[in-house]
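First comes the structure, then the notes that go with it.
Values in this text are rule-based calculations from the coordinates and carry no lab data. Since the model is a prediction, treat every value here as computed from it, not as a measurement. A quick note on method: Cβ atoms are made from the backbone with ideal geometry, for glycine too, and the neighbour counts reach across all protein chains shown.
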Amino acid sequence: MKNVIYIILFFPILLFSQINKTYPNGKIKISFDTINQMIDGDFKYYYPNGNLKAKGKFYKNQKIGVWKFYTSEKKLLLKRTYLNNFIFKTKEDIPKLELNGYNYWHINSYDILYQDIFLTLLSKNTANKDFFENDLFLKEIKKYVLSENPEMYNDIEFTKRLKVEDLSFSIDSLKNINHFVLKETVFYDIEHQIMNRRILAIMPAKIKNNKITPLFSIYEPDFRRFIKNDTILDKMFNNKYFGEVIKIYDKDTDSSKFKKMNPDFTNNNINWFDIKKSFDLEAFYLEKEVNNNLRMKIEPELYINSNDSLNITKKERFQLKYKFENK
């Protein structure tokens with residue numbers, strides 16, 4: 001009798017998709033590939049006349065390899081070789097960023113063309129699996145909260161500083177957290193000519209009947225200096241995660257003040273995206289970064305119109321999937 005040995009090979013399941021944004025006339029505006037809810041593969045951005053505006057490649061939300069930027073008449077205007085979203089080689093006269101570990105560089109306010117702030121919901125999915133595997137993210141947050149002097153607050157606005165004893169529950173008993181709310185900011189850095197996305201605050205949260213209940217918030221820059229876990233640090237610093245937009249902050253006449261607004265809106269201006277589907281936010285900022293790079297090359301003194309930001313004046317409200325309750 002022969003013995004038959006079966007070898008079973010297990011391959012990871014990859015979730016592929018292609019994101020296409022179009023002009024009102026139906027022509028493709030932006031196209032990029034995603035794998036496991038991260039931008040991964042070819043990226044292309046077209047002018048309304050159908051000519052290529054920019055093309056390049058991504059790997060896990062990071063720009064890599066050669067990127068080319070063109071005029072509407074097909075003339076090559078810029079060429080950069082990216083190592084990641086922060087570092088690239090070019091013949092342009094642009095200061096090279098010198099990164100020190102997971103510490104962001106200092107940026108002057110006059111080097112920021114505009115800034116947007118929004119809340120995203122980090123949930124248990126393929127892109128975010130490293131955060132939730134063995135409760136890794138939660139364990140690091142608990143260690144930070146129990147440290148000597150954590151920057152912990154009662155809400156995402158940093159209204160009131162908290163101590164561990166101020167919490168209505170034991171931090172050790174905190175478990176089964178499958179959602180985190182991130183307060184994030186995005187701005188274009190004129191000096192280094194890159195779009196930068198940073199986390200400002202992290203809030204463990206629970207969801208029941210699409211109602212988000214926040215527990216507390218921690219100040220991300222201080223948390224990032226405290227933790228030693230390279231997996232979490234790499235994910236946060238390099239934006240290797242997928243978050244669903246749940247709120248956008250709307251700037252008033254004083255750019256230092258913000259008020260919350262519904263992120264689901266429509267607008268007839270073809271330069272704006274509706275931030276209500278997966279990767280709408282990412283597509284929006286990729287468009288702005290390409291346009292900013294071209295403007296800095298053609299006319300460096302041309303500051304960007306405020307209409308380029310997410311904050312709009314005409315909006316229709318839609319029914320939100322989630323209701324976010326700030327304490």
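Of note:
- Complete set of residues in the range 12-47 that are over 21 Å from the mean Cα position of the chain (by Cα), free of Cβ contacts under 8 Å to residues at least 40 places away in the same chain and loosely packed, with under 14 Cβ neighbours inside 10 Å: Pro12, Ile13, Leu14, Thr22, Asn25, Gly26, Lys27, Ile28
- In the range 117-132, the count of residues that are surrounded by fewer than 20 Cβ atoms within 10 Å (Cβ to Cβ), touching a helix residue (DSSP H, G or I) at 6+ places or on another chain (Cβ under 9 Å), of a type in the set (A, V, I, L, M, F, W, C) and touching a residue at least 12 places away in the same chain (Cβ under 8 Å) is one or more.
- Here Val181 meets the list (1) in contact (Cβ under 8 Å) with a residue 60 or more places away in the chain; (2) among the aliphatic types (A, V, I, L, M); (3) surrounded by fewer than 20 Cβ atoms within 10 Å (Cβ to Cβ) almost entirely, failing just condition (3).
- Verdict on Leu78 being part of a strand (DSSP E or B), in contact with a Ser or Thr (Cβ under 8 Å, 6 or more places away or on another chain) and closer than 27 Å to Tyr45 by Cβ: yes
- Cβ pairs under 8 Å, 6+ apart, first in the range 190-204 and within 12 Å of Leu119 (Cα to Cα), second hydrophobic (A, V, I, L, M, F, W, C) and part of a loop (DSSP other than H, G, I, E, B): Ala201/Ile156; Ala201/Phe158; Met203/Ile156; Met203/Leu215; Met203/Phe216
- Scanning the range 129-157 for residues that are touching a Lys or Arg at 6+ places or on another chain (Cβ under 8 Å) and outside any helix (DSSP H, G or I) gives Glu151, Met152, Tyr153, Asn154, Asp155, Ile156.
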